[in-house]
Structures are given as C-alpha cells and as structure tokens.
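Engineer: Encoded as structure tokens, here's the structure I'll be asking about.
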Amino acid sequence: MSTKPLPEHPDHLWRNPEPRSSYDVVIVGGGGHGLATAYYLAKIHGITNVAVLEKGWLAGGNMARNTTIIRSNYLWDESAGIYEHALKLWEGLPEELDYDFLFSQRGVLNLAHTLQDVREGVRRVGANKLNGVDAEWLDPQQVAEVCPILNVSSDTRYPVLGGTYQPRAGIAKHDHVAWALARRADEMGVDIIQHCEVTGFVKDGDRVVGVETTRGRINAGRVGLASSGHSSVLAEKAGFRLPVQSHPLQALVSELHEPVHPTVVMSNHVHVYVSQAHKGELVMGAGVDSYNGYGQRGAFHVIEQQMAAAVELFPVFARAHVLRTWGGIVDVTPDASPIIGTTPVENMYVNCGWGTGGFKATPAAGWTFAHTIATGAPHPLNAPFALDRFVTGALIDEHGAAAVAH
C-alpha cells in the first residue's frame, strides 16, 4: 500500500482552477460527502465534467471537526444497509485510493449502565446479526478484557453492566480521507474549486440550470447539495424548505500520550465517547448543543459534562490536559436519519441531515448520491431516505444512532 506523504495544506495537492462556464454536474460542498460523490461520479458513472465548489478550503468544515469513528451497528434495517455498505467500502478504500489514511479497525464498544441500556443493547445486537452486521453482547468481564483501562467497578455512579461490541468498526484520519478522495477525483478530471461560495441558484421555471457564486455564474446540468450544517440555507435559496435544524456538535482532544486505549468506547447513559488517535491524543465528544446555531466553538457546559463522564469511566485520564475544543455543525432531521435524494427542484439533489453519522457514512453517501445524480433516481440503499418520507410518515427513527436513545 502506498503511503505517499501529503503537504500540510490541501491547496498544494491539485490544480485549483478558475471555474469554467458550464459543467454537467456541480456539487456544492467540498467535504467528505461532496468529494466522495465526485469521485464515484467519475469512477463508476464516467461523469468527469464535474465541479466541486467549496466556500472555504477543502475539508476545512465538518470534515475537520468530526469524531473519526466508523461503525455500522445501527438498529433499523435501512440504516444498517447503508452504513454496512459504507463499512465494506471503507475496508477497500485505502488500496483503491492508493493512500493509507490510517483506517484502523480497532472495534467500537457501546456501554450499558442501566437495565434499559442492557435491553436496548441486546436488541440491537440481535437486529445487527439479522442484517449481517458483526456484533456481540459482552458482560462486564468481557468489556474489561476488550478495554483494560476502563473502570468496570460496581462502586461507581454508573456501573458497567455490559456492552455491545462491533469488532470491524474503528477510526480513520478524517482530513486525509478527504485529500485522498480529492486527489483521485482531480486525476480523473474533476475541478475542485476552493474559496467559491454559492450565493444563489439560477432556475428556468422549476428546473435548476446554474449556480451563482462569489466567482461568477456557473451553468449546471445537475446540482447536488452536500454542505453539512448549511443545507437548509441553500435549500431556501433554491426555493424549498428542508426539515432540518443545525446544531454545534461538541468534541475535544488532549495533548499527546503514549498509546494506552485499544478501542473506541461510547457510553449511552453518561453520554461520552473516547478514542485515541494514531499520534496519541485522546479524542472525546458528547452531544449537540441544544440551541440552533452555526458556531464552531465548544460550549463549556457540554465540555464540562463530557469530561466528568470521561474521567469516571477512565480514571487513568484524570490528569490529561485539554488541548483544544470545537463544535462541528450538523444537520438534524426529526427522525435523526439523513435525506438523500431528489428535491422539488428538477435536476437538484440533496444529501443532508446525517446528524452524528456523517463521517462514518462517507463512502456510501457518495456512492449512493452519485448514483442518484447520474441516473435521476435513488439506489435501493438510499431510496428509504427520501425527502417525501416526512409527508408519507415512513420515518426511520434512528435517535439511537449516537447510542443515546431507542
């Protein structure tokens, strides 16, 4: 496998061309999903006259502010289908892209602290197995064997009663994933245009025919929206509304430590996740801020609560120091599942509403979105995530997707 070094700043990785006057497809958003969509449009569908427009720098938005966690142990059939497809793509992507972006299948452990947690966990393991997803239920002793530094004492406020475990799950270096996708898309002729903000859409009746940007008008045969956290703003510019709210999702990292944490641990009840990155920093996160907003800073009250939970679970980390905190902006739908499909505007497609699941879905989101844009119809994997489910009532209630509810 190639391990070609990449420059620190992505501007040096490829051409940054002036926009052409017209493209077959314009993708709005230069994060993981937008780049994966462009890559699969070129690789699978042979559509290379594509522009990816990014208002800032590539992978500088939510792609640089996510959890790095990859897993497919979702409850509902529709979710398990698309996330398991993503995990299978992840397993071959380093070789396919010829770049080692540090994909590490170290497993993900979801803890149970109450009887309801236990019931939900056992239920989810059963559902996972029926869908062909690797999953196990572990008792407290088995949990300790998977993660020896975890406090499984019965004397804690929230004793560990067990947990679900997905061995094939893990982490990857998020910004390198984006750069690897961008490099391959660029090699196939896709234009990746940074510092190009979309300010409006050009329509002929109910059909989109172009986009207005800070670098001029660009004509487009088809337009795909893949801008995490700002999908509703773009949709209103195009003349329709999306049932999403934008929230800051809190996370932080510590200074570097020797490798001591062997897996990824997520706690349903006290609501925190902890992993250790390849360089050694601890990566910790929790829930979204309850208010709607676009701030990319960490809120102190959320950070404080997640630190208290993390120290209770991992006393060994009590003297670690916080290096930096941040807030990633996530779109959240009423059923906490994404929207991937057509819109009321002809030739405009949307990929949004992933909440906390966006990074782990990256290859499957791009794969299915590319299929939808290329063919004008959804693939069976993303058909259930259509916008009209909020009218028909065929919701996919994944509020437990972040291991918090169900």
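The values are calculated or read from the model by the stated rules, or taken from the named source; none is laboratory data. Predicted model only: the values in this text are computed from it and were never measured. Backbone-built Cβ (ideal geometry, glycine too); neighbour counts: all protein chains shown. Only protein heavy atoms, including side chains, enter the accessible area calculation; ligands, DNA and RNA are left aside. Shrake-Rupley method; radii C 1.70, N 1.55, O 1.52, S 1.80 Å.
Engineer: So in the stretch 199-219, with the set limited to residues that are surrounded by fewer than 16 Cβ atoms within 10 Å (Cβ to Cβ) and among the polar types (S, T, N, Q), which one is nearest to Glu18 (Cα to Cα)?
Structural biologist: Thr214
Engineer: Of the residues Thr333, Thr368, Thr356, Thr325, only one is within 22 Å of the chain's Cα centre (by Cα), crowded, with 23+ Cβ neighbours inside 10 Å, in contact (Cβ under 8 Å) with a residue 60 or more places away in the chain and over 18 Å from Pro384 (Cβ atoms); which?
Structural biologist: Being within 22 Å of the chain's Cα centre (by Cα), crowded, with 23+ Cβ neighbours inside 10 Å, in contact (Cβ under 8 Å) with a residue 60 or more places away in the chain and over 18 Å from Pro384 (Cβ atoms) holds for just one of Thr333, Thr368, Thr356, Thr325, which is Thr356.
Engineer: Pairs please, first residue from the stretch 128-144 and within 16 Å of Ala80 (Cβ to Cβ), second anywhere and open to solvent by 70 Å² or more (accessible area, probe 1.4 Å), Cβ atoms under 7 Å, 6+ apart in sequence or on different chains.
Structural biologist: Once the first residue is within 16 Å of Ala80 (Cβ to Cβ) and sits in the stretch 128-144, its partners that are open to solvent by 70 Å² or more (accessible area, probe 1.4 Å) give Asn131/Asp77; Ala135/Lys129.
Engineer: Taking the stated definitions as given, is His261 surrounded by fewer than 18 Cβ atoms within 10 Å (Cβ to Cβ), of a type outside the set (Val, Ile, Thr), within 19 Å of Gly170 (Cα to Cα) and touching a residue at least 60 places away in the same chain (Cβ under 8 Å)?
Structural biologist: Details: surrounded by fewer than 18 Cβ atoms within 10 Å (Cβ to Cβ): no; of a type outside the set (Val, Ile, Thr): yes; within 19 Å of Gly170 (Cα to Cα): yes; touching a residue at least 60 places away in the same chain (Cβ under 8 Å): yes.
So His261 fails the test.
Engineer: Turning to a different aspect of this structure: Give the number of residues within the stretch 316-361 that are among the hydrophobic types (A, V, I, L, M, F, W, C) and under 22 Å from Asp397 (Cα atoms).
Structural biologist: Residues of the stretch 316-361 among the hydrophobic types (A, V, I, L, M, F, W, C): 316-318, 320, 322-323, 326, 329-330, 332, 336, 339-340, 345, 348, 350, 352, 354, 359, 361.
With under 22 Å from Asp397 (Cα atoms) added as a condition, the list becomes 329-330, 332, 336, 339-340, 350, 352, 354, 359, 361.
Qualifying residue count for the region: 11.
Engineer: While we're looking at this one, here's another question. Given the structure, is Asp186 open to solvent by 20 Å² or more (accessible area, probe 1.4 Å), touching a strand residue (DSSP E or B) at 6+ places or on another chain (Cβ under 7 Å) and farther than 21 Å from Gly366 by Cβ?
Structural biologist: Criteria not met by Asp186.
Engineer: If Ser228 satisfies all but one of (1) open to solvent by 30 Å² or more (accessible area, probe 1.4 Å); (2) over 17 Å from the mean Cα position of the chain (by Cα), what's the number of the condition it fails?
Structural biologist: (2)
Engineer: If I filter the stretch 74-97 for residues that are under 25 Å from Val190 (Cβ atoms), touching a residue at least 24 places away in the same chain (Cβ under 8 Å) and outside any helix (DSSP H, G or I), do I get at least one hit?
Structural biologist: Taking every residue of the stretch 74-97 in turn, none turns out to be under 25 Å from Val190 (Cβ atoms), touching a residue at least 24 places away in the same chain (Cβ under 8 Å) and outside any helix (DSSP H, G or I).
Engineer: Let me ask something else about it. Condition (residue is in contact (Cβ under 8 Å) with a residue 40 or more places away in the chain, open to solvent by 10 Å² or more (accessible area, probe 1.4 Å), among the aromatic types (Phe, Trp, Tyr) and within 29 Å of Ala308 (Cβ to Cβ)) applied to the stretch 176-183: is it met by at least one residue?
Structural biologist: no
Engineer: Being part of a helix (DSSP H, G or I), among the hydrophobic types (A, V, I, L, M, F, W, C) and either touching a strand residue (DSSP E or B) at 6+ places or on another chain (Cβ under 7 Å) or surrounded by fewer than 21 Cβ atoms within 10 Å (Cβ to Cβ) (or both) narrows it down to one residue among Leu252, Leu234, Leu242; which is it?
Structural biologist: Leu234
Engineer: Can I ask one more? In the stretch 265-288, which residue that is surrounded by fewer than 18 Cβ atoms within 10 Å (Cβ to Cβ) and closer than 14 Å to Leu249 by Cα is modelled with the lowest pLDDT?
Structural biologist: Gly287
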